[in-house]
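As C-alpha coordinates, the structure follows; a few thoughts come after it.
The values are calculated or read from the model by the stated rules, or taken from the named source; none is laboratory data. A quick note: this is a predicted structure, and the numbers were derived from the prediction, not measured. A quick note on method: Cβ atoms are made from the backbone with ideal geometry, for glycine too, and the neighbour counts reach across all protein chains shown.
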Amino acid sequence: MIEVVKGGVSTTIQDLGRFGHYHIGMPPSGAMDLFSHKVANALVGNASDAATLEMTYDGADLRFEENGVIALAGAPMPAELDGEDVPMHEAVRVEAGQELETGFTTEGARTYLSVSAGIDVPEVMGSRSTYTLVGIGGHEGRTLQAGDELVTGENGAAPDTVVGNTAPEENLPDLENSNVLRTVIGLCDYRLTDESREQLCDVAWKVTPEADRVGYRLEGPELEFVEREQPFGAGTDSSNVVDVGYPIGSIQLPQKPIVLMRDAVTGGGYATIGTVIGADRSLLAQRRTHETVRFEPVTVEEALDARQSVQDDLAAIRTAIER
Amino acid sequence: MATEHLAAPMPGVFYRRSDPDEPLMVEIGDDVSEGDTVALIGVMKNFHDITAPHDGTVTDILVENEGEVEAGQKLIELTIED
(Lines give C-alpha, C1' and ligand atoms only; values in the text may rest on other atoms or scores of the structure.)
Protein backbone atom coordinates (compact mmCIF):
# COMPACT_ATOMS: atom_id res chain seq x y z
CA MET A 1 0.00 0.00 0.00
CA ILE A 2 1.06 3.57 -0.66
CA GLU A 3 -0.22 6.43 1.46
CA VAL A 4 -0.51 9.84 -0.14
CA VAL A 5 1.06 12.40 2.22
CA LYS A 6 0.67 15.33 -0.20
CA GLY A 7 -1.29 15.20 -3.43
CA GLY A 8 0.45 17.97 -5.36
CA VAL A 9 -1.22 20.43 -7.71
CA SER A 10 -2.86 17.81 -9.92
CA THR A 11 -1.82 14.18 -9.63
CA THR A 12 -3.91 11.47 -11.29
CA ILE A 13 -3.64 7.76 -11.99
CA GLN A 14 -3.26 7.13 -15.73
CA ASP A 15 -2.57 4.23 -18.06
CA LEU A 16 -2.61 3.98 -21.85
CA GLY A 17 -6.24 5.10 -22.03
CA ARG A 18 -9.83 4.02 -22.39
CA PHE A 19 -10.58 2.93 -25.93
CA GLY A 20 -13.62 2.01 -27.94
CA HIS A 21 -16.06 4.52 -26.49
CA TYR A 22 -15.18 7.68 -28.41
CA HIS A 23 -18.40 7.52 -30.43
CA ILE A 24 -20.50 7.86 -27.28
CA GLY A 25 -18.52 10.90 -26.20
CA MET A 26 -16.04 9.17 -23.90
CA PRO A 27 -12.50 10.45 -24.50
CA PRO A 28 -9.60 8.07 -23.91
CA SER A 29 -7.91 9.90 -21.01
CA GLY A 30 -4.62 8.13 -20.23
CA ALA A 31 -1.14 9.59 -19.82
CA MET A 32 -0.75 12.99 -21.51
CA ASP A 33 2.93 12.23 -22.18
CA LEU A 34 2.54 8.61 -23.23
CA PHE A 35 6.23 8.29 -24.03
CA SER A 36 7.32 9.13 -20.48
CA HIS A 37 4.58 6.92 -19.02
CA LYS A 38 5.96 4.00 -21.04
CA VAL A 39 9.56 4.77 -20.08
CA ALA A 40 8.61 4.91 -16.38
CA ASN A 41 6.94 1.51 -16.67
CA ALA A 42 9.79 -0.05 -18.64
CA LEU A 43 12.34 1.03 -16.01
CA VAL A 44 10.61 -0.93 -13.22
CA GLY A 45 9.85 -3.93 -15.44
CA ASN A 46 6.14 -3.23 -15.97
CA ALA A 47 4.12 -3.67 -19.14
CA SER A 48 3.13 -0.35 -20.78
CA ASP A 49 -0.47 -0.68 -19.65
CA ALA A 50 0.38 -0.58 -15.94
CA ALA A 51 -1.03 2.53 -14.27
CA THR A 52 1.39 5.28 -13.22
CA LEU A 53 0.95 8.55 -11.33
CA GLU A 54 0.88 11.60 -13.58
CA MET A 55 2.11 14.52 -11.47
CA THR A 56 1.63 18.01 -12.89
CA TYR A 57 4.13 20.78 -12.05
CA ASP A 58 4.22 19.72 -8.40
CA GLY A 59 4.85 16.17 -7.26
CA ALA A 60 3.07 14.02 -4.71
CA ASP A 61 4.65 12.94 -1.42
CA LEU A 62 4.13 9.24 -0.73
CA ARG A 63 4.77 6.80 2.10
CA PHE A 64 5.40 3.22 1.01
CA GLU A 65 4.11 0.44 3.23
CA GLU A 66 5.71 -2.33 1.20
CA ASN A 67 9.03 -3.02 -0.49
CA GLY A 68 9.09 -2.26 -4.19
CA VAL A 69 10.72 -0.34 -6.99
CA ILE A 70 9.85 3.10 -8.35
CA ALA A 71 11.00 5.24 -11.27
CA LEU A 72 10.42 8.83 -12.34
CA ALA A 73 10.23 9.79 -16.01
CA GLY A 74 9.33 12.88 -18.01
CA ALA A 75 9.72 16.40 -16.64
CA PRO A 76 12.75 16.67 -14.32
CA MET A 77 11.45 16.87 -10.75
CA PRO A 78 13.56 17.02 -7.59
CA ALA A 79 12.74 14.03 -5.40
CA GLU A 80 14.14 12.50 -2.22
CA LEU A 81 13.51 9.11 -0.69
CA ASP A 82 14.14 9.47 3.06
CA GLY A 83 16.52 12.31 2.23
CA GLU A 84 18.41 10.52 -0.56
CA ASP A 85 18.18 12.05 -4.03
CA VAL A 86 16.09 10.03 -6.48
CA PRO A 87 17.49 10.53 -10.01
CA MET A 88 15.20 10.84 -13.01
CA HIS A 89 14.88 7.87 -15.38
CA GLU A 90 16.32 5.31 -12.99
CA ALA A 91 14.68 2.40 -11.17
CA VAL A 92 15.14 2.89 -7.42
CA ARG A 93 14.52 0.42 -4.60
CA VAL A 94 11.94 1.42 -1.99
CA GLU A 95 11.66 -0.24 1.39
CA ALA A 96 8.58 -0.47 3.55
CA GLY A 97 8.22 2.66 5.66
CA GLN A 98 10.19 4.94 3.36
CA GLU A 99 8.80 8.29 2.28
CA LEU A 100 9.20 10.00 -1.08
CA GLU A 101 9.20 13.79 -1.09
CA THR A 102 9.00 15.63 -4.38
CA GLY A 103 9.21 19.26 -5.47
CA PHE A 104 8.29 21.31 -8.52
CA THR A 105 9.36 20.37 -12.03
CA THR A 106 12.40 22.37 -13.09
CA GLU A 107 11.40 22.18 -16.75
CA GLY A 108 8.46 20.51 -18.46
CA ALA A 109 5.07 20.05 -16.84
CA ARG A 110 4.45 16.34 -16.16
CA THR A 111 6.42 13.71 -14.31
CA TYR A 112 5.40 10.04 -14.24
CA LEU A 113 5.98 7.83 -11.23
CA SER A 114 5.85 4.10 -11.84
CA VAL A 115 5.80 1.45 -9.13
CA SER A 116 6.53 -2.23 -9.62
CA ALA A 117 3.34 -4.01 -10.82
CA GLY A 118 1.57 -0.67 -11.28
CA ILE A 119 -1.08 1.17 -9.28
CA ASP A 120 -4.05 -1.16 -8.93
CA VAL A 121 -7.44 0.52 -9.08
CA PRO A 122 -10.58 -1.03 -10.57
CA GLU A 123 -10.82 -0.73 -14.34
CA VAL A 124 -13.69 1.39 -15.63
CA MET A 125 -14.64 0.66 -19.23
CA GLY A 126 -11.37 -1.19 -19.67
CA SER A 127 -8.97 1.37 -18.20
CA ARG A 128 -7.57 2.59 -14.88
CA SER A 129 -7.17 6.12 -16.25
CA THR A 130 -8.72 8.98 -14.30
CA TYR A 131 -11.23 11.14 -16.16
CA THR A 132 -11.86 13.89 -13.64
CA LEU A 133 -14.54 15.78 -15.61
CA VAL A 134 -17.05 13.00 -15.02
CA GLY A 135 -15.30 11.50 -12.01
CA ILE A 136 -14.49 8.00 -13.21
CA GLY A 137 -11.42 5.78 -13.17
CA GLY A 138 -8.25 6.19 -11.14
CA HIS A 139 -8.75 6.83 -7.44
CA GLU A 140 -12.40 7.83 -6.96
CA GLY A 141 -12.31 9.58 -10.33
CA ARG A 142 -10.30 12.53 -8.99
CA THR A 143 -6.89 14.02 -8.34
CA LEU A 144 -5.04 12.56 -5.37
CA GLN A 145 -5.26 14.15 -1.92
CA ALA A 146 -3.41 13.69 1.36
CA GLY A 147 -4.75 10.60 3.14
CA ASP A 148 -5.57 8.61 0.01
CA GLU A 149 -4.37 5.02 0.05
CA LEU A 150 -3.25 3.31 -3.14
CA VAL A 151 -2.84 -0.38 -3.71
CA THR A 152 -0.17 -1.75 -6.02
CA GLY A 153 -0.57 -4.73 -8.33
CA GLU A 154 0.80 -8.18 -7.82
CA ASN A 155 3.59 -10.02 -9.63
CA GLY A 156 5.92 -7.09 -10.14
CA ALA A 157 9.43 -7.73 -11.40
CA ALA A 158 11.83 -8.92 -8.69
CA PRO A 159 13.55 -5.77 -7.36
CA ASP A 160 17.05 -7.16 -7.88
CA THR A 161 16.36 -7.63 -11.59
CA VAL A 162 15.31 -4.01 -12.22
CA VAL A 163 16.89 -1.73 -9.59
CA GLY A 164 19.49 0.47 -11.29
CA ASN A 165 17.83 0.35 -14.72
CA THR A 166 18.39 3.64 -16.52
CA ALA A 167 17.17 5.09 -19.81
CA PRO A 168 19.90 6.27 -22.23
CA GLU A 169 19.91 10.07 -22.50
CA GLU A 170 20.02 9.97 -26.33
CA ASN A 171 16.62 8.26 -26.48
CA LEU A 172 14.92 10.84 -24.28
CA PRO A 173 13.42 14.07 -25.68
CA ASP A 174 15.09 17.43 -25.07
CA LEU A 175 12.08 19.03 -23.37
CA GLU A 176 13.52 22.52 -23.25
CA ASN A 177 14.02 22.71 -27.01
CA SER A 178 10.99 20.78 -28.21
CA ASN A 179 8.54 23.46 -29.21
CA VAL A 180 7.86 22.33 -32.78
CA LEU A 181 4.63 20.37 -33.09
CA ARG A 182 4.26 18.52 -36.36
CA THR A 183 0.71 18.94 -37.55
CA VAL A 184 -1.42 17.38 -40.27
CA ILE A 185 -3.46 20.27 -41.71
CA GLY A 186 -7.21 19.78 -42.14
CA LEU A 187 -10.05 18.94 -42.26
CA CYS A 188 -11.55 22.41 -41.91
CA ASP A 189 -8.53 24.55 -42.81
CA TYR A 190 -10.47 25.57 -45.96
CA ARG A 191 -12.48 27.79 -43.63
CA LEU A 192 -9.45 30.02 -42.96
CA THR A 193 -8.42 32.94 -45.15
CA ASP A 194 -5.17 32.34 -47.08
CA GLU A 195 -3.39 34.79 -44.80
CA SER A 196 -4.60 33.07 -41.61
CA ARG A 197 -3.71 29.64 -42.95
CA GLU A 198 -0.14 30.86 -43.47
CA GLN A 199 -0.05 32.54 -40.06
CA LEU A 200 -1.05 29.32 -38.30
CA CYS A 201 2.31 27.73 -39.12
CA ASP A 202 4.41 30.92 -39.23
CA VAL A 203 3.97 32.36 -35.76
CA ALA A 204 4.93 31.21 -32.27
CA TRP A 205 1.86 30.46 -30.14
CA LYS A 206 2.01 31.05 -26.40
CA VAL A 207 0.60 28.45 -24.01
CA THR A 208 -1.93 30.15 -21.69
CA PRO A 209 -2.66 29.18 -18.04
CA GLU A 210 -5.69 27.36 -19.45
CA ALA A 211 -3.74 24.33 -20.53
CA ASP A 212 -4.76 21.06 -18.95
CA ARG A 213 -5.68 17.47 -19.74
CA VAL A 214 -8.69 18.66 -21.72
CA GLY A 215 -6.86 21.03 -24.01
CA TYR A 216 -4.18 23.64 -24.46
CA ARG A 217 -5.49 27.12 -25.16
CA LEU A 218 -2.95 29.17 -27.10
CA GLU A 219 -2.45 32.90 -27.48
CA GLY A 220 -1.45 34.51 -30.77
CA PRO A 221 -2.78 36.50 -33.70
CA GLU A 222 -6.49 36.35 -34.40
CA LEU A 223 -7.14 33.95 -37.27
CA GLU A 224 -9.92 34.81 -39.66
CA PHE A 225 -12.44 32.69 -41.47
CA VAL A 226 -13.60 33.09 -45.05
CA GLU A 227 -16.99 34.76 -45.07
CA ARG A 228 -19.81 32.52 -46.17
CA GLU A 229 -23.46 31.83 -45.66
CA GLN A 230 -23.47 29.21 -42.90
CA PRO A 231 -24.77 25.85 -44.15
CA PHE A 232 -27.81 24.12 -42.67
CA GLY A 233 -26.81 22.37 -39.47
CA ALA A 234 -23.88 24.66 -38.67
CA GLY A 235 -24.00 27.29 -35.94
CA THR A 236 -24.22 30.96 -36.78
CA ASP A 237 -20.65 31.89 -35.82
CA SER A 238 -18.13 31.85 -38.68
CA SER A 239 -16.03 29.39 -36.62
CA ASN A 240 -18.86 26.83 -36.78
CA VAL A 241 -19.19 23.92 -39.16
CA VAL A 242 -21.69 21.08 -39.32
CA ASP A 243 -20.70 18.84 -36.39
CA VAL A 244 -17.63 16.65 -36.84
CA GLY A 245 -15.72 14.19 -34.67
CA TYR A 246 -12.69 15.91 -33.14
CA PRO A 247 -9.44 13.98 -33.47
CA ILE A 248 -7.27 13.99 -30.31
CA GLY A 249 -4.68 16.68 -30.97
CA SER A 250 -6.98 18.63 -33.24
CA ILE A 251 -6.68 22.41 -33.24
CA GLN A 252 -10.06 24.07 -32.98
CA LEU A 253 -10.74 27.76 -33.18
CA PRO A 254 -13.52 28.99 -30.91
CA GLN A 255 -11.53 32.27 -30.98
CA LYS A 256 -8.14 31.48 -29.57
CA PRO A 257 -6.91 28.09 -30.79
CA ILE A 258 -7.27 25.10 -28.47
CA VAL A 259 -5.36 21.88 -29.05
CA LEU A 260 -7.63 19.14 -27.75
CA MET A 261 -5.92 16.62 -25.50
CA ARG A 262 -6.82 13.29 -23.94
CA ASP A 263 -9.79 14.36 -21.76
CA ALA A 264 -11.43 16.49 -24.46
CA VAL A 265 -14.92 16.56 -25.84
CA THR A 266 -15.06 14.10 -28.77
CA GLY A 267 -17.04 16.04 -31.32
CA GLY A 268 -18.85 19.24 -32.07
CA GLY A 269 -19.25 22.12 -34.42
CA TYR A 270 -16.00 24.09 -34.21
CA ALA A 271 -13.79 24.12 -37.29
CA THR A 272 -10.74 21.92 -36.61
CA ILE A 273 -7.97 23.25 -38.81
CA GLY A 274 -5.22 20.73 -38.13
CA THR A 275 -4.18 17.86 -35.85
CA VAL A 276 -0.98 17.70 -33.82
CA ILE A 277 0.48 14.26 -34.55
CA GLY A 278 0.58 11.60 -31.86
CA ALA A 279 4.38 11.56 -31.74
CA ASP A 280 4.46 15.24 -30.72
CA ARG A 281 1.52 15.31 -28.31
CA SER A 282 3.82 13.96 -25.60
CA LEU A 283 5.98 17.04 -26.20
CA LEU A 284 3.00 19.39 -26.07
CA ALA A 285 1.99 17.81 -22.75
CA GLN A 286 5.37 18.98 -21.41
CA ARG A 287 5.11 22.59 -22.59
CA ARG A 288 4.64 24.91 -19.64
CA THR A 289 2.23 27.80 -19.41
CA HIS A 290 3.83 30.89 -21.06
CA GLU A 291 6.17 28.78 -23.21
CA THR A 292 5.64 28.86 -26.97
CA VAL A 293 4.88 26.24 -29.59
CA ARG A 294 4.98 26.27 -33.37
CA PHE A 295 3.00 24.15 -35.79
CA GLU A 296 4.95 22.51 -38.62
CA PRO A 297 2.82 21.08 -41.42
CA VAL A 298 3.53 17.41 -42.25
CA THR A 299 1.90 14.71 -44.36
CA VAL A 300 0.23 11.64 -42.85
CA GLU A 301 3.21 9.61 -44.13
CA GLU A 302 5.63 11.86 -42.24
CA ALA A 303 3.42 11.53 -39.15
CA LEU A 304 3.67 7.74 -39.38
CA ASP A 305 7.47 7.96 -39.77
CA ALA A 306 7.56 10.13 -36.65
CA ARG A 307 5.48 7.55 -34.78
CA GLN A 308 7.94 4.85 -35.87
CA SER A 309 10.83 6.97 -34.64
CA VAL A 310 9.21 7.27 -31.18
CA GLN A 311 8.69 3.49 -31.13
CA ASP A 312 12.36 3.04 -32.08
CA ASP A 313 13.41 5.22 -29.12
CA LEU A 314 11.24 3.15 -26.77
CA ALA A 315 12.64 -0.08 -28.21
CA ALA A 316 16.20 1.25 -27.72
CA ILE A 317 15.41 2.11 -24.09
CA ARG A 318 13.96 -1.37 -23.50
CA THR A 319 17.03 -2.97 -25.11
CA ALA A 320 19.37 -0.90 -22.94
CA ILE A 321 17.40 -1.98 -19.86
CA GLU A 322 17.51 -5.66 -20.76
CA ARG A 323 21.30 -5.43 -21.12
CA MET B 1 16.00 42.60 10.01
CA ALA B 2 16.23 40.35 7.01
CA THR B 3 14.16 40.33 3.86
CA GLU B 4 13.08 37.27 1.97
CA HIS B 5 11.22 36.92 -1.31
CA LEU B 6 8.45 34.42 -1.82
CA ALA B 7 8.71 33.10 -5.37
CA ALA B 8 6.33 31.35 -7.73
CA PRO B 9 7.10 27.62 -7.79
CA MET B 10 5.39 27.18 -11.15
CA PRO B 11 4.15 29.35 -14.02
CA GLY B 12 0.59 30.61 -13.88
CA VAL B 13 -1.54 33.51 -12.71
CA PHE B 14 -0.91 35.34 -9.42
CA TYR B 15 -3.99 35.80 -7.27
CA ARG B 16 -4.18 37.93 -4.15
CA ARG B 17 -7.76 36.88 -3.35
CA SER B 18 -9.04 33.37 -2.71
CA ASP B 19 -12.20 34.32 -4.57
CA PRO B 20 -13.11 37.40 -6.64
CA ASP B 21 -15.51 38.52 -3.88
CA GLU B 22 -13.07 37.99 -1.02
CA PRO B 23 -10.78 40.68 0.38
CA LEU B 24 -7.07 40.67 -0.48
CA MET B 25 -5.26 38.03 1.53
CA VAL B 26 -2.45 40.40 2.48
CA GLU B 27 -1.49 44.01 1.90
CA ILE B 28 1.83 45.79 2.30
CA GLY B 29 2.43 46.36 6.00
CA ASP B 30 0.48 43.32 7.18
CA ASP B 31 2.04 41.01 9.73
CA VAL B 32 1.83 37.35 8.80
CA SER B 33 2.47 34.14 10.69
CA GLU B 34 4.36 31.11 9.48
CA GLY B 35 2.03 28.97 7.37
CA ASP B 36 -0.41 31.76 6.48
CA THR B 37 -1.59 31.65 2.88
CA VAL B 38 -0.63 35.00 1.38
CA ALA B 39 -1.43 34.43 -2.31
CA LEU B 40 -2.32 31.75 -4.85
CA ILE B 41 -0.83 30.64 -8.14
CA GLY B 42 -3.44 29.31 -10.53
CA VAL B 43 -2.71 27.10 -13.50
CA MET B 44 -4.98 24.60 -15.27
CA LYS B 45 -7.86 25.69 -13.00
CA ASN B 46 -5.83 24.40 -10.04
CA PHE B 47 -4.53 26.66 -7.31
CA HIS B 48 -1.38 26.41 -5.30
CA ASP B 49 -1.15 28.25 -1.96
CA ILE B 50 1.80 30.55 -1.44
CA THR B 51 2.43 30.41 2.30
CA ALA B 52 4.64 32.46 4.59
CA PRO B 53 7.72 30.40 5.51
CA HIS B 54 8.25 32.47 8.72
CA ASP B 55 6.52 35.05 10.86
CA GLY B 56 7.15 38.50 9.38
CA THR B 57 5.83 41.63 7.72
CA VAL B 58 4.84 42.00 4.07
CA THR B 59 7.04 44.85 2.85
CA ASP B 60 6.45 44.63 -0.90
CA ILE B 61 4.17 42.91 -3.40
CA LEU B 62 5.92 42.69 -6.73
CA VAL B 63 3.18 41.40 -9.05
CA GLU B 64 -0.25 42.81 -9.77
CA ASN B 65 -3.30 40.79 -8.82
CA GLU B 66 -4.06 38.34 -11.66
CA GLY B 67 -0.71 39.06 -13.31
CA GLU B 68 1.06 36.30 -15.23
CA VAL B 69 4.09 34.85 -13.47
CA GLU B 70 6.93 32.55 -14.41
CA ALA B 71 8.36 29.78 -12.25
CA GLY B 72 10.91 31.36 -9.91
CA GLN B 73 9.52 34.89 -10.24
CA LYS B 74 9.57 36.95 -7.02
CA LEU B 75 6.06 37.68 -5.75
CA ILE B 76 6.12 39.04 -2.23
CA GLU B 77 8.83 40.53 -0.03
CA LEU B 78 8.69 39.47 3.58
CA THR B 79 10.73 41.23 6.26
CA ILE B 80 11.63 39.10 9.23
CA GLU B 81 12.72 40.52 12.55
CA ASP B 82 15.97 39.04 13.80
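Just one of the listed residues (A:Glu140, A:Glu154) is more than 14 Å from chain B (Cβ to nearest Cβ), under 25 Å from A:Ile70 (Cα atoms) and at pLDDT below 95, and it is A:Glu154. Filtering the range A:103-123 to residues that are surrounded by fewer than 23 Cβ atoms within 10 Å (Cβ to Cβ) and among the polar types (S, T, N, Q) leaves only A:Thr106. Within the range B:1-15, the set of residues being touching a Lys or Arg at 6+ places or on another chain (Cβ under 6 Å) and within 17 Å of B:Leu78 (Cα to Cα) comprises B:His5, B:Ala7. A single entry from A:Pro221, A:Pro209, A:Pro254, A:Pro247 fulfils the requirement of being within 30 Å of B:Gly67 (Cβ to Cβ), surrounded by 15 or more Cβ atoms within 10 Å (Cβ to Cβ) and either more than 14 Å from chain B (Cβ to nearest Cβ) or modelled with pLDDT under 95 (or both): A:Pro209.
Condition first: touching a residue at least 12 places away in the same chain (Cβ under 8 Å), farther than 26 Å from A:Pro78 by Cβ and surrounded by fewer than 18 Cβ atoms within 10 Å (Cβ to Cβ). Can you find one or more residues in the range A:162-174 that meet it? No, that holds for no residue.
Being under 11 Å from the mean Cα position of the chain (by Cα), of a type outside the set (Gly, Ala, Ser) and over 30 Å from A:Lys206 (Cβ atoms) is true of B:Asp36. Among residues of the range A:15-35 that are in the same structural domain as A:Glu54 (by TED's automatic domain parsing) and in a loop (DSSP other than H, G, I, E, B), those with a beta-carbon under 7 Å from a residue that is acidic (Asp, Glu) and surrounded by 19 or more Cβ atoms within 10 Å (Cβ to Cβ) at least six positions away or on a different chain give the pairs A:Pro27/A:Asp263; A:Ser29/A:Asp263; A:Gly30/A:Asp15; A:Ala31/A:Glu54; A:Met32/A:Glu54.
Of the strands (runs of 3 or more DSSP E) lying entirely inside the range A:40-118, the ones with 1 or more residues being at negative phi and within 14 Å of chain B (Cβ to nearest Cβ) are found at A:52-56, A:99-102, A:110-115.
Restricted to strands (runs of 3 or more DSSP E) entirely inside chain B, those with at least 3 residues that are under 23 Å from A:Arg217 (Cβ atoms) and without any contact (Cβ under 8 Å) to a residue 40 or more places away in the chain are B:37-43, B:46-51.
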